[in-house]
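Structure first, then comments.
The values are calculated or read from the model by the stated rules, or taken from the named source; none is laboratory data. Remember, it's a predicted structure, so these values are computed and weren't measured experimentally. When we count neighbours, we look across all protein chains shown, and the Cβ atoms used for this are built from the backbone with ideal geometry, even at glycine.
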Amino acid sequence: MADAAEVAVLLLNFRQPGLTRQCLADLVVVREPRTAVLVIDNGSGDDSVPELERAIAELSSDSTGPEIELLALPDNLGFAGGMNRGIEWAAERDLSYCVVLNNDVRLSAEVFRPLRDVLQNDPRVAAVAPTMLRADGRVWAEGGSTGFGPNALRLHRQGLPPRRPDHGPVAVDFLPCACVMFRTSDLRAVSGFDAGYFMYWEDVDLCARLRARGGRIVSLPWVRIEHRSGGSSGGGRSALRKYLMAAHALRYLRRHGNAKAWLGWFLFDVLLWPITLLTGPRAAFAKLAGTFAGIRGRAVGAADVERRLGGGA
């Protein structure tokens with residue numbers, strides 16, 4: 001059927017129905033390629049589900065827009081676990097491509113077409129994403145790389161002006177999963193996200209496993225979205241984000257790290273930890289706690305999120 005959906009858009013909500021509604025409003029104007037949208041409420045436990053039901057009913061009144069469904073999970077499975085449920089949904093509907101999407105992005109009506117075209121025309125590419133801009137128009141991320149440095153990773157061109165629109169594709173180590181398109185078959189081949197990451201580093205690990213299969217990870221500088229990062233965790237310097245990043249850096253390094261990456265972790269995240277006190281003791285001690293959790297191999301879950309979002313230690 002000519003107008004059948006070919007792209008699954010997986011949109012995760014955790015206690016931010018207003019942001020999710022705004023993102024849905026952007027999605028309903030996307031006409032090419034045809035999409036089917038799954039909103040995944042990740043056990044919010046607030047009024048998110050009824051608010052999202054109302055928003056979906058209102059936005060679905062346009063018969064030319066995408067099919068929108070709501071999956072209300074009883075528990076918070078984390079970003080990785082929630083998205084894995086979405087990948088299963090896409091596979092059951094035989095949708096060829098999956099877009100993993102944060103609700104804190106603003107999209108244009110044309111954003112998915114070039115991503116789909118790359119995957120359709122180049123079987124070597126396993127994941128593709130637009131350049132993600134901050135609200136001020138500067139780059140938040142153009143993909144990223146792992147290796148020697150704080151947290152063992154860095155986002156490319158952060159804070160710089162975007163590249164020229166005629167710049168070609170850029171191969172990277174990983175793509176932050178605020179807006180990334182994959183083939184559904186590739187995601188199934190690597191069993192989706194590793195749910196043990198819960199939140200943060202799951203995208204770095206997924207891209208590492210796709211690269212291990214021979215897939216290329218590509219950023220498209222001429223395709224752009226706006227991304228306001230850190231909404232679910234309280235921002236880039238929040239105690240929750242510091243805890244999760246530190247804990248999961250160890251999980252990643254155990255699976256994929258080399259000597260240089262381990263040396264960088266020991267230098268920047270252990271020996272130089274006292275410097276993080278300058279950014280605030282709460283975030284610094286959360287990072288330290290995350291490091292100890294990672295060293296012990298302790299699994300991070302919803303209880304950790306609740307405790308740290310609520311201001312606990």
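Give the residues of region 119-132 that are surrounded by fewer than 18 Cβ atoms within 10 Å (Cβ to Cβ) and outside any loop (DSSP other than H, G, I, E, B), sorted by residue number.
The answer is Gln120, Asn121.
For region 1-94, which fully contained strands (runs of 3 or more DSSP E) count at least 1 residues that are under 21 Å from Asp117 (Cα atoms)?
The strands (runs of 3 or more DSSP E) meeting that bar are 7-13, 35-42.
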Practice task
Kindly indicate which of Ile68, Ile87 is in the same structural domain as Asp194 (by TED's automatic domain parsing), modelled with pLDDT of 95 or more and touching a Leu at 6+ places or on another chain (Cβ under 6 Å).
Solution key: Ile87
Exercise for the section: Just give me the residues in region 141-176 being part of a loop (DSSP other than H, G, I, E, B), under 19 Å from Leu101 (Cα atoms) and either of a type in the set (Gly, Ala, Ser) or modelled with pLDDT under 95 (or both), in sequence order. Expected result: Gly143
Handout entry: First in region 280-293 and touching a residue at least 24 places away in the same chain (Cβ under 8 Å), second anywhere and outside any helix (DSSP H, G or I) and β-branched (Val, Ile, Thr), Cβ under 7 Å, 6 or more apart
Key = Ala293/Val300
Handout entry: Pairs with Cβ under 7 Å, 6+ apart, first in region 32-45 and buried (at least 23 other Cβ atoms within 10 Å of the Cβ), second in a loop (DSSP other than H, G, I, E, B) and of a type in the set (A, V, I, L, M, F, W, C)
Key = Thr35/Ala5; Asn42/Phe14; Asn42/Leu77
Problem - Of the criteria (1) under 30 Å from Leu271 (Cα atoms); (2) at pLDDT 95 or above, which one Gly81 fails - result: (1)
Practice task
Report, by residue number, each residue of region 148-177 that is farther than 23 Å from Val118 by Cβ, exposed (fewer than 14 other Cβ atoms within 10 Å of the Cβ) and within 20 Å of the chain's Cα centre (by Cα).
Solution key: Gly159
Completion exercise
Taking region 257-310 and keeping only residues that are exposed (fewer than 13 other Cβ atoms within 10 Å of the Cβ), in contact with a Leu (Cβ under 9 Å, 6 or more places away or on another chain) and hydroxyl-bearing (Ser, Thr, Tyr), one is left with none
